[in-house]
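Only the coordinates and a few stated rules stand behind these numbers; no lab work does. Because the structure is a prediction, the values reported are computed rather than measured. Glycine gets a Cβ as well: all are built from the backbone with ideal geometry, and neighbour counts include every protein chain shown.
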Amino acid sequence: REAASALTARSTHPAKAPLTSFDPLDRDVIADPFPAYKALHSSGPVHYSRKRGLWIINGHNELRTACRAHDALSSAEGILRLRSQLPMMLTIDQPDHTRLRKLAVKDFNPQALAKLEPEIDRYARELVTNAAGFPADDLIGRVAAPLPLWVTARLLGVPDSDMHDFRRWSDGALQGMAVEWNPKSLLRAGRMIGSVTALHRYFHDQFELRRQNPGTDLLSKLIASTEDGSLSDDELFWFALLLLIAGHETTTTLLGTLLLQFSEHPDQYQQLRDDPALASGAVDEALRFFAPIQGYYRTAIRDYPIGDVTIPAGARVLMLFGAANRDPRRYEDPDTFRIDRDASDHIAFGFGIHFCLGAQLARMEARLFLTHLADQVAAITVTGQPRWDGNPALRRLERLPARLEKSA
Ligand code: HEM
């Protein structure tokens, strides 16, 4: 980490890398990045933005390779635009990354997920049953957010009744992903600090409860690791925060975009209803099409050759997952949503050592949700304007006014 911090943002530009005017922080790009991705693909898989002093990897193949090059492209200066150093697995390099990841990996293996599946299935069915035939409402608040929130509460072993606070605090904490040094942005920073402080208080109480009365949930296991010295108290807090936020915000958007896509493509929805076995493929196609995390950053800690260019040590690099998922060299007709294509090699969950720990859990939640949707709902009618959050990293669907038409 010291090596990474010692390097400055000097990002010299060799003549070979195409310069681009693509700006991930441009308001129009945040609102609809896909035309800009198309333009990027037409000029190559790797670019340099002089305006932002930033290297951008948008090619599918190149990005998968770059995600594996964690010894050259470090996460330790943070994965957001503003550099930060947090002691959590997402933003730390090996060997500490391995130490942290090991502590939770068993809770996400196929046996652990199989144990959770019947409960998740029951809750997903209940949510769809309660929403089907109901007058138009915001489907993010009614179905897309509650399922992942409930699953995250189960995983951490905290009461379901805390879900509302979770959503509020985690929304606030996420404002930090879009902080820039301008006055409007400082309001976001204020909300972020308030929410992280509230979460700190909340988790502190949860940790104390478990220290007195340990359970079998993931938080209790992590607390036990602080006692045997494999996790520090700071790391414990950031671990809990990461699981809470990573666990539900992205999955909420995944469920929301599935609803949105199926409302816009009734033929695709009918295909799913005719053959519910297509649910898993539909989930991967939705992840490919609308990656909830459009891009995370890295810092080059040594020169990194990629294709016929070299990203110099010290450079900031944007790993553009959302663009790679629409690379025409990999996906035929990439701007078309088609649930019967094989999109399982998309990069919406990243790749390499930081590959999403909850990928199979998120896939399972979405598959079960779709199965009940296809069974109980004949059509999805959007009744108002969907609202996207203006966050350049996490493309969040905040509101989806719509009605689920009950099947006969
Ligand atoms: C990492 C996306 C759901 C926990 C990541 C990364 C991505 C991602 C792109 C890699 C970041 C990088 O390379 O810098 C998503 C999406 C999800 C989802 C799109 C849902 C649709 C979940 C869930 C959990 C979770 C349900 C847990 C409950 C994590 C953790 C990491 C991670 C702990 C850090 C892994 C590491 O650094 O080794 N996720 N995620 N995610 N995700 Fe997810």
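In this structure, does Gly281 turn out to be on the phi > 0 side of the Ramachandran plot and either surrounded by 18 or more Cβ atoms within 10 Å (Cβ to Cβ) or of a type in the set (Asp, Glu) (or both)? No. A single member of Ser225, Ser263 is buried (at least 19 other Cβ atoms within 10 Å of the Cβ), of a type in the set (Ser, Thr, Tyr) and either without any contact (Cβ under 8 Å) to a residue 60 or more places away in the chain or within 16 Å of the ligand (Cβ to nearest atom) (or both), and it is Ser225. Scanning the range 113-148 for residues that are surrounded by 16 or more Cβ atoms within 10 Å (Cβ to Cβ) and free of Cβ contacts under 8 Å to residues at least 40 places away in the same chain, we see that the one that is farthest from the ligand (Cβ to nearest atom) is Arg142.
Per the listing Leu54, Leu73, Leu100, the residue uniquely under 22 Å from Arg395 (Cα atoms) and touching a residue at least 12 places away in the same chain (Cβ under 8 Å) is Leu54. When the residues of the range 149-186 are filtered to those that are in contact with a helix residue (DSSP H, G or I) (Cβ under 9 Å, 6 or more places away or on another chain), among the basic types (Lys, Arg) and over 23 Å from Leu103 (Cα atoms), the one that is surrounded by the most Cβ atoms within 10 Å (Cβ to Cβ) is Arg167.
Restricting the range 297-347 to residues that are touching a strand residue (DSSP E or B) at 6+ places or on another chain (Cβ under 7 Å) and small (Gly, Ala, Ser), the residue that is nearest to the ligand (Cβ to nearest atom) is Ala300. Of the residues making up the range 348-359, those that are under 19 Å from Gly59 (Cα atoms) and near the ligand (Cβ under 6 Å from one of its atoms) number 4.
Yes or no, residue by residue, for (1) assigned to a loop (DSSP other than H, G, I, E, B); (2) within 15 Å of the ligand (Cβ to nearest atom); (3) crowded, with 21+ Cβ neighbours inside 10 Å:
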position	(1), (2), (3)
Ser21	yes, no, no
Tyr37	no, no, yes
Ser42	no, no, no
Tyr48	no, no, yes
Arg52	yes, no, no
Leu63	no, yes, yes
Cys67	no, yes, yes
Glu77	yes, yes, yes
Ser84	yes, yes, no
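The sole residue among Ser170, Ser161 that is among the polar types (S, T, N, Q) and either in a loop (DSSP other than H, G, I, E, B) or farther than 26 Å from Pro392 by Cα (or both) is Ser161.
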